[in-house]
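Only one structure is covered here, and it is reproduced in the block below.
The values are calculated or read from the model by the stated rules, or taken from the named source; none is laboratory data. Model, not experiment: these values are computed from the prediction. In this analysis, Cβ positions are derived from the backbone assuming ideal geometry, glycine residues included, and neighbour counts consider all displayed protein chains. Quick note on the areas: whole protein, heavy atoms, side chains included, nothing else; ligands and nucleic acids left out. Shrake-Rupley method; radii C 1.70, N 1.55, O 1.52, S 1.80 Å.
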Amino acid sequence: MKTQVAIIGAGPSGLLLGQLLAKSGISNTVIEQRSPDYVLGRIRAGVLEQTTVDLLDTAGVAARMHQEGLPHDGVELCFGGERHRIDLLGLTGKRVMVYGQTEVTRDLMAARSAAGLSTVYQADEVAVHDFDSASPSVSYLKDRVRHTVQADFIAGCDGFHGICRASVPGAAISLHEKVYPFGWLGVLADVPPVSPELIYVQHERGFALCSQRSKARSRYYLQCALSDEVAQWSDEAFWDELKRRLPQATAAQLQTGPAIEKSIAPLRSFVAEPMRFGSLFLVGDAAHIVPPTGAKGLNLAASDVAYLWQAMHSYYAGKHSEIEHYSARALARIWKAERFSWWMTSLMHQFPDAGSFAQKMQRAELDYLLGSQAAMTVLAENYVGLPLA
Ligand code: FAS
Ligand code: PHB
């Protein structure tokens, strides 16, 4: 089989890139190791930046998001038992869209299927070949038959644990990583959210986040120990701990119910540089990871896709220079989001080895933040998303 772009991975990066390339008349095939249901079953991001909303509009997959998504004009920080609203719209003129990554992926899958675009699910032994040559290819096993796809380019949209970044020679890539000494225990439940907007909670017992998927479905997170396992957290234990970390008046309003999903995610900051190796391009989590405190992961994947789509569109239109700038352009925005995600994580979490001085610094930073329009504007403009330069 021959295609212009072989895309590895059918997560948001791969599917959004495939949709935009097809819009530009650029042939592509998506090769995914899991089933569609497995991909949809991973509960992840919940907040979309305006740049991501605009890209989904451009890709023609935003109709349901505009119907069911929840535009949010503000977000709350809670510490010392007090809730403080950050007026995102008033400070930046922008809002965020609350619409789950699962729904974004579902919309992208439906659009790809409706367009009859080539997608291979449950592909085994996926491997990339000769990406440092003019004739790269991807091979995979499907129903015990080995297939090879010849392509002009390979897009590595296969996430943090994928094979694309792992296929790059060690001497050609630089890795930058910080692993945090805690994780996030997440629960999805069909109960109304405790608050109309998200609440990020800094508490001596640990961080908590009150998020949502709709007016009837909530998403909550608790900072937990890396040694924790989901099995040791009953629903009751989760709700009791969340109530301990919320102000009493808020805890009294919390509606609880059975968890329909419960998982623990480790937190890390990670960037691979560069993001291009000959005909292989790394996109999204394959190239970078952020702690979810800043709601940047999915949005960074979307901006990578925007840059690569524009570069490939130009390439096939005969302007070959733009593709040379993909990596530097993407990394410029990635590092700024890495900084914000690290800063939010450092500000809002309890660090096991932190002494009283570090805790005083956290509180001083929060007190300063809420007393300074300039400081709140800095937080707000990063949270709603920096422009696509
Ligand atoms: P993905 O990992 O989503 O998709 C990669 C795809 O490639 C997967 O479908 C995988 O099966 C496939 N693949 C892997 N190896 C392959 C191979 N060898 N061959 C073929 N296919 C292969 N971001 C936020 O903004 N907010 C959050 O709250 C948040 N929570 C998260 C929780 C967890 C547990 C994780 C892991 C991430 C979270 N993220 C969050 C970040 C997340 O949303 C990512 O940024 C987003 O999924 C990135 O999308 P992709 O780059 O498509 O990578
Ligand atoms: C979510 O709803 O899953 C979510 C929202 C904001 C974050 C992280 C996760 O910062």
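Over 25 Å apart at the Cα level, from the set Lys23/Lys94; Lys2/Lys23; Lys94/Lys336; Lys178/Lys296, are Lys23/Lys94.
Of Ile8, Ile163, Ile43, which has the most accessible area and how do the rest follow, probe 1.4 Å? List each step's numbers first, then the result.
Numbers: Ile8 10, Ile163 60, Ile43 40 Å².
Output order, biggest surface exposure first: Ile163, Ile43, Ile8.
Taking amide H as placed 1.01 Å from N in the peptide plane, Val96 has its amide H under 5 Å from the amide H of His72, each at least 5 places away in sequence or on another chain. Across segment 254-262, coupling constants 3J(HN,Hα) worked out from phi with the 6.51/-1.76/1.60 Karplus curve, θ = phi - 60°, read 5, 9, 10, x, x, 6, 8, 8, 9 Hz, and Gly and Pro carry x.
Could you tell me what percent of the accessible area of segment 46-189 is made up of carbon and sulfur, with a 1.4 Å probe and every protein chain present?
On the way: 3030 of 6270 Å².
On segment 46-189, the fraction of accessible area on carbon and sulfur atoms equals 48 percent.
Are there any helices in the chain, counted as whole DSSP H runs, that stretch 24 Å or more along their axis by Cα and score at least 0.0 on average by Kyte-Doolittle, and if so which? Could you put the intermediate results ahead of the total?
Values: long enough: 297-316 (29 Å, 0.21); 326-348 (33 Å, -0.09).
Sorted by number, the helices that extend far enough and score high enough are 297-316.
Among the trypsin sites (Lys or Arg not before Pro) in segment 121-150, which ones are in a DSSP loop with at most 11 other Cβ atoms within 10 Å of the Cβ? Mind listing them? Please list the in-between numbers first.
On the way: sites: Lys142, Arg144, Arg146; in loops: Arg144.
Of the trypsin sites (Lys or Arg not before Pro), the ones in loops of segment 121-150 whose Cβ has at most 11 other Cβ atoms within 10 Å are Arg144.
Report, in debye and to the nearest 20, how large the dipole of segment 1-152 comes out about its Cα centre when Lys and Arg carry +1 and Asp and Glu carry -1 on their Cβ.
Values: 15 positive and 18 negative charges, 56 e Å.
Computed about the Cα centre, the dipole is about 280 debye.
Couplings for segment 155-171, taken from phi via the Karplus curve 6.51 cos²θ - 1.76 cosθ + 1.60 with θ = phi - 60°, read 9, x, 10, 9, x, 5, 9, x, 9, 5, 4, 5, 8, 7, x, x, 6 Hz in order; Gly and Pro are left as x.
Roughly how many Å² is the accessible area per residue of the chain, as a whole number, for a 1.4 Å probe? Intermediate results must be reported in sequence, preceding the final value.
On the way: 16260 Å² over 389 residues.
For the chain, the per-residue accessible area is 42 Å².
Order of 52-60, 256-264 by packing, highest average Cβ count within 10 Å first? Mind showing how you got there, number by number?
Values: 52-60: 19.9, 256-264: 14.9.
My ranking of the peptides, most packed first, is 52-60, 256-264.
Here the dipole of the chain is about 280 debye; that uses its Cα centre as origin and unit charges on the Cβ of Lys and Arg (positive) and Asp and Glu (negative).
Looking at the chain, what % of its DSSP beta bridges pair antiparallel, to the nearest 5?
Working: 52 of 72 bridges.
Antiparallel bridges make up about 70 percent of those DSSP assigns within the chain.
At a 10 angstrom cut-off on C-beta neighbours, averaged per residue, how do the peptides 208-217, 62-71 rank from highest to lowest? Show your work: numbers first, answer last.
Values: 208-217: 19.3, 62-71: 15.5.
My ranking of the peptides, most packed first, is 208-217, 62-71.
Of the accessible area of segment 190-306, computed with a 1.4 Å probe over protein heavy atoms only, carbon and sulfur atoms account for 50 percent. The listed peptides 350-356, 298-304, ordered by packing as a protection proxy, come out as 298-304, 350-356 (highest mean of other Cβ atoms within 10 Å first).
Would you work out the charge dipole size for segment 1-89 about its Cα centre, treating the Cβ of every Lys and Arg as +1 and the Cβ of every Asp and Glu as -1, and quote it to the nearest 20 debye?
Details: 8 positive and 10 negative charges, 95 e Å.
Dipole about the Cα centre, nearest 20: 460 debye.
Of the residues Ser35, Val98, Gln19, the one whose Cα sits farthest towards the positive end of the charge dipole of the chain is Gln19 (charges of +1 on Lys and Arg Cβ, -1 on Asp and Glu Cβ, taken about the Cα centre). In the chain, the DSSP-assigned H stretches of four residues or longer account for a calculated mean residue ellipticity at 222 nm of -11000 deg cm²/dmol, using -39500 (n - 2.57) per stretch and the full residue count as denominator. Each residue of segment 128-142 is assigned a 3J(HN,Hα), and the resulting list reads 10, 9, 6, 6, 9, 10, 8, 9, x, 8, 10, 10, 7, 10, 9 Hz, derived from the Karplus form 6.51 cos²θ - 1.76 cosθ + 1.60 (θ = phi - 60°), x at Gly and Pro.
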